[in-house]
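Data block below; observations after.
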Amino acid sequence: MKEPDTRSATVRRIVGRRTVDGRVASVVTISRSYPTTADDLWDACTDPERIPRWFLPVTGDLRVGGRYRLEGNADGEILTCDPPRSFTATWEFGGATSWIEVAVIPEPGGRARVELAHIAHVDDHWEQYGPGAAGIGWDQALLGLGLHLDTGAAVDPAEFQEWATGPSGRAFVADAGNGWRDADVAGGTDAATAGARADRTVAFYTGV
């Protein structure tokens, strides 16, 4: 596997809140810019033949109102779709329901940005681990997307897992955890709390 670009200056992380169904929910938003067109980026994020090349095999009725399943991970309902700009869906995992909002944004110079917001009700898990609990996983996914867009080939899951558990992969998780800590502070969390839960999340991902 080609060594991925783990320190992309185009990555942006934002932590916010909104009210969903009368309850406070966290909004963890990550975006990353790629040297490809918006149409190609949209296709990579929505074509069931391409999604497994960088993320996970997907099955189901992939249209508004249909249900999808990501192998070994989440399933849910597709709520809206506005090609080639955005789609939204529920994210159902471990007995809990949250939501994702995905947008593809054209940028100057023939580039495009994908922006993903993961919205979940605030609970004990959030208070303990903070935004990195979801955010680091999306960091890894968007890294895999970059590998696929760079080569056009599928990212081998075994090779990516080997990289992710090695020194470079653990360093990437630590850097991402620091990024989410900083976004957490910018979102209004005090530095000590943000730092403590970022440390717990990085330890969970790295096994350290």
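Leaving ligands, DNA and RNA out of it, work out the accessible area of Ile51 with a 1.4 Å probe and give it in Å² to the nearest 10.
20 Å²
How much accessible area does Trp42 have with a 1.4 Å probe, in Å² rounded to the nearest 10?
30 Å²
Along region 12-25, what does the Karplus equation 6.51 cos²θ - 1.76 cosθ + 1.60 (θ = phi - 60°) give for ³J(HN,Hα), rounded to whole Hz, x for Gly and Pro?
10, 10, 9, 10, x, 9, 8, 9, 10, 6, x, 10, 6, 10
Restricting to Cα pairs below 8 Å that are 6+ residues apart, what does the relative contact order work out to for region 10-114? Please round to a whole percent.
22 percent
Could you please tell me the mean projected area of the C-alpha convex hull for region 1-131, averaged over all directions and given in square nanometres to one decimal?
9.3 nm²
Working out 0.36 nm times the residue gap between Thr80 and Ala196, then minus their Cα-Cα distance, what length gain in nm do you get to one decimal? Intermediate values should be presented prior to the final figure.
Values: separation 116, 0.36 × 116 = 41.76 nm, distance 3.65 nm.
Fully extending the segment from Thr80 to Ala196 adds 38.1 nm.
With a 1.4 Å probe and all protein chains kept in place, how do Cys45, Cys81 rank by accessible area, largest first? Intermediate results must be reported in sequence, preceding the final value.
Values: Cys45 15, Cys81 70 Å².
Largest accessible area first, the list is Cys81, Cys45.
Taking the solvent-accessible surface of protein heavy atoms with a 1.4 Å probe, what is the per residue accessible area of the chain in Å²? Intermediate values should be presented prior to the final figure.
On the way: 10530 Å² over 208 residues.
Normalised by residue count, the accessible surface of the chain is 51 Å².
Express the carbon and sulfur contribution to the solvent-accessible surface of region 48-182 as a percent, rounded to the nearest whole number, probe 1.4 angstrom.
Using a 1.4 Å probe with all protein chains present, region 48-182 comes out at 52 percent carbon and sulfur.
Any idea what diffusion coefficient region 111-208 gets from Stokes-Einstein, in µm²/s, Kirkwood Rh on alpha carbon pairs, 10 °C, 1.306 mPa s?
110 µm²/s
State, to one decimal in nm, how far the label point of Arg63 lies from the label point of Asp124, with both points 7 Å from Cα in the Cβ direction.
Computed distance between label sites Arg63 and Asp124 equals 4.3 nm.
Note the full-extension length gain between Thr97 and Glu159 as 0.36 nm times their separation in residues minus their Cα-Cα distance, in nm to one decimal.
Here the answer is 19.3 nm.
At 1.4 Å probe size, what's the solvent-accessible area of Arg85? Round to the nearest 10 Å².
140 Å²
Provide the per-residue ³J(HN,Hα) series for region 83-88, in order, calculated from phi with Karplus coefficients 6.51, -1.76, 1.60 and θ = phi - 60°, each as a whole number of Hz, with x at glycine and proline positions.
x, x, 10, 7, 8, 10
The values are calculated or read from the model by the stated rules, or taken from the named source; none is laboratory data. Remember, predicted model here, so these are calculated numbers, not experimental data. Cβ sites come from the backbone with ideal geometry, for glycine too, and all protein chains shown count toward neighbours. Heavy atoms of the whole protein, side chains included, go into the accessibility calculation; ligands, DNA and RNA do not. Shrake-Rupley method; radii C 1.70, N 1.55, O 1.52, S 1.80 Å.
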